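S.K.: Questions regarding the structure given below will be posed in turn.
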Amino acid sequence: MKGFFYGSATALITPFTDTEVNYPVLDQLIEHQIAGGTDAIVFLGTTGEPSTMTFEEEHVLMDYAVKKVNKRAKVIFGCGSNNTADAVMTAKAAEKFGADGLLAVTPYYNKCTQNGLVAYYKAICEAVSIPVIAYNVPGRTGVEIQPATMAKIAEIPNIAGIKDAGGNMSKTMETIRLVRDKCDVYSGEDALNFPILAVGGAGVISVLSNIVPAEVKQLCNLVKENKLAEAATLNDRLLPLANACFIEVNPIPVKEAMNVLGFNAGAPRAPLTKMEDANREKLVSAMKNFGLECKA
């Protein structure tokens, strides 16, 4: 299926206190996204640290997020797992709580075959009636959705697209060529947002847009309007900030960036740790160079 959403989606961080989700701060983060014109908000994606959360915590957050967003943007929940049964269970819960769609990362660690990937997405899609976006991020999972495999996955009726964070433009372009009439392709790597949009990507699912949602949305709009010179100029401004967001493993830098902006997002949950001082200085420098007001 095509057209689930166009434009910018934010892979939102989950703010934590020492013991639980910090809902007053989550409220602020959601409003920051709505004010920036974000088209869709992804909760419980990799950036949201669901691997450190209990099912109960996830379900409470799902219920809260749907009610808080209140149709002002599409709500997408992460549901991927290295256990297909768990992925299906989470997908069903997300649909029950009112999700507009799902983002399902490939199974990780188990390293299934390409045929296994097709079976995995088929199982998730058959368990729900809402759109499902496949998520290719081999650098984290050890499993890559090959373009020919995505062409098979795209035949599943409620597959809405693929979030491509593979970092290989040649493979991304081949995937777009093979699925162009079947489903959409979304950039999942902020450093490649501009080129992926330019060759036919429908939008982005961005970490960077936690920090600058309006500018990431603007980049999508400029490419859609074929204003490529303006898009390139904006991308030149965004790229150093995007690179700083991955100076340590995601979501350590972006979570610290939100703290620096004054959102009190807290620290990542273990085994992730607070950002190293030297890297934090580089991040803050990139934020200031972009023109952001750093409060912490």
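The values are calculated or read from the model by the stated rules, or taken from the named source; none is laboratory data. Note that the structure is a prediction, hence the values are computed from the model and not measured. Heads up, the Cβs are rebuilt from the backbone with ideal geometry, glycines too, and the neighbour counts pull from every protein chain shown.
S.K.: Here is a list of conditions, (1) of a type outside the set (S, T, N, Q); (2) under 30 Å from residue 24 (Cβ atoms); (3) surrounded by fewer than 16 Cβ atoms within 10 Å (Cβ to Cβ), and residue 229 meets all of them except one; can you say which number that is?
M.R.: So residue 229 meets the others, but not (2).
S.K.: Is it the case that segment 224-235 has a residue that's under 16 Å from the mean Cα position of the chain (by Cα), in contact (Cβ under 8 Å) with a residue 12 or more places away in the chain and closer than 30 Å to residue 262 by Cβ?
M.R.: No, because not a single residue in segment 224-235 is under 16 Å from the mean Cα position of the chain (by Cα), in contact (Cβ under 8 Å) with a residue 12 or more places away in the chain and closer than 30 Å to residue 262 by Cβ.
S.K.: Among the residues of segment 98-128, which ones are over 17 Å from residue 45 (Cα atoms) and either touching a helix residue (DSSP H, G or I) at 6+ places or on another chain (Cβ under 7 Å) or among the charged types (D, E, K, R) (or both)?
M.R.: Passing the criteria: 111, 112, 114, 117, 118, 120, 122, 123, 126, 127, 128.
S.K.: Answer with yes or no whether residue 67 is charged (D, E, K, R) and under 29 Å from residue 120 (Cα atoms). Write out each step before concluding.
M.R.: Details: charged (D, E, K, R): yes; under 29 Å from residue 120 (Cα atoms): no.
It is false that residue 67 is charged (D, E, K, R) and under 29 Å from residue 120 (Cα atoms).
S.K.: Let me ask something additional. Would you point out the residue of segment 5-15, among those that are hydroxyl-bearing (Ser, Thr, Tyr) and part of a loop (DSSP other than H, G, I, E, B), that is nearest to residue 222 (Cα to Cα)? Outline the logic, then answer.
M.R.: Applying the first criterion (hydroxyl-bearing (Ser, Thr, Tyr)) to segment 5-15 yields 6, 8, 10, 14.
Next, only the ones that are part of a loop (DSSP other than H, G, I, E, B) stay: 6, 14.
Details: 6: 13, 14: 29 Å.
Once the filter is applied, the top-ranked residue is 6.
S.K.: Quickly run through segment 83-104 and pick out the residues that are free of Cβ contacts under 8 Å to residues at least 60 places away in the same chain, crowded, with 19+ Cβ neighbours inside 10 Å and not in a helix (DSSP H, G or I).
M.R.: Within segment 83-104, 99, 102, 104 meet the criteria.
S.K.: Only one residue in 73, 65 is among the hydrophobic types (A, V, I, L, M, F, W, C), more than 20 Å from residue 156 (Cα to Cα) and in contact (Cβ under 8 Å) with a residue 40 or more places away in the chain, so which one is that? Walk me through how you get there before you give the answer.
M.R.: Details: 65 fails: in contact (Cβ under 8 Å) with a residue 40 or more places away in the chain.
Just one listed residue meets the conditions, 73.
S.K.: Moving on. Quick check, is residue 279 without any contact (Cβ under 8 Å) to a residue 40 or more places away in the chain, out of contact with any His (no Cβ under 6 Å at 6 or more places or on another chain) and more than 24 Å from residue 41 (Cα to Cα)?
M.R.: Yes; evaluated as a whole, the condition is true for this residue.
S.K.: Listed residues 185, 143, 204, 223; which is in contact with a helix residue (DSSP H, G or I) (Cβ under 9 Å, 6 or more places away or on another chain), assigned to a helix (DSSP H, G or I), surrounded by 21 or more Cβ atoms within 10 Å (Cβ to Cβ) and not small (Gly, Ala, Ser)?
M.R.: Numbers: 185 fails: assigned to a helix (DSSP H, G or I); 143 fails: assigned to a helix (DSSP H, G or I); 204 fails: assigned to a helix (DSSP H, G or I).
The match here is 223.
S.K.: Moving on. With the checklist (1) modelled with pLDDT of 95 or more; (2) under 18 Å from the mean Cα position of the chain (by Cα); (3) part of a loop (DSSP other than H, G, I, E, B) in hand, flag the one item residue 167 doesn't pass.
M.R.: (1)
S.K.: Take residue 126 and decide whether it is out of contact with any Lys or Arg (no Cβ under 8 Å at 6 or more places or on another chain), in a helix (DSSP H, G or I), more than 27 Å from residue 139 (Cβ to Cβ) and of a type in the set (D, E, K, R).
M.R.: It is true that residue 126 is out of contact with any Lys or Arg (no Cβ under 8 Å at 6 or more places or on another chain), in a helix (DSSP H, G or I), more than 27 Å from residue 139 (Cβ to Cβ) and of a type in the set (D, E, K, R).
S.K.: Assuming residue 265 fulfils every condition listed in (1) under 17 Å from the mean Cα position of the chain (by Cα); (2) buried (at least 22 other Cβ atoms within 10 Å of the Cβ); (3) aliphatic (A, V, I, L, M); (4) in a loop (DSSP other than H, G, I, E, B) apart from one, which condition is it?
M.R.: So residue 265 meets the others, but not (1).
S.K.: In segment 37-57, how many are surrounded by fewer than 20 Cβ atoms within 10 Å (Cβ to Cβ), in contact (Cβ under 8 Å) with a residue 24 or more places away in the chain and not acidic (Asp, Glu)?
M.R.: 4
S.K.: Evaluate the following for residue 284: is it surrounded by 14 or more Cβ atoms within 10 Å (Cβ to Cβ), within 17 Å of the chain's Cα centre (by Cα), at pLDDT 95 or above and among the β-branched types (Val, Ile, Thr)? Step through it out loud before you land on a result.
M.R.: Values: surrounded by 14 or more Cβ atoms within 10 Å (Cβ to Cβ): yes; within 17 Å of the chain's Cα centre (by Cα): no; at pLDDT 95 or above: yes; among the β-branched types (Val, Ile, Thr): yes.
Spelling it out, it is not the case that residue 284 is surrounded by 14 or more Cβ atoms within 10 Å (Cβ to Cβ), within 17 Å of the chain's Cα centre (by Cα), at pLDDT 95 or above and among the β-branched types (Val, Ile, Thr).
S.K.: For segment 16-52, which positions are out of contact with any strand residue (DSSP E or B) (no Cβ under 7 Å at 6 or more places or on another chain), at pLDDT 95 or above and assigned to a loop (DSSP other than H, G, I, E, B)?
M.R.: Within segment 16-52, 17, 20, 36, 37, 49 meet the criteria.
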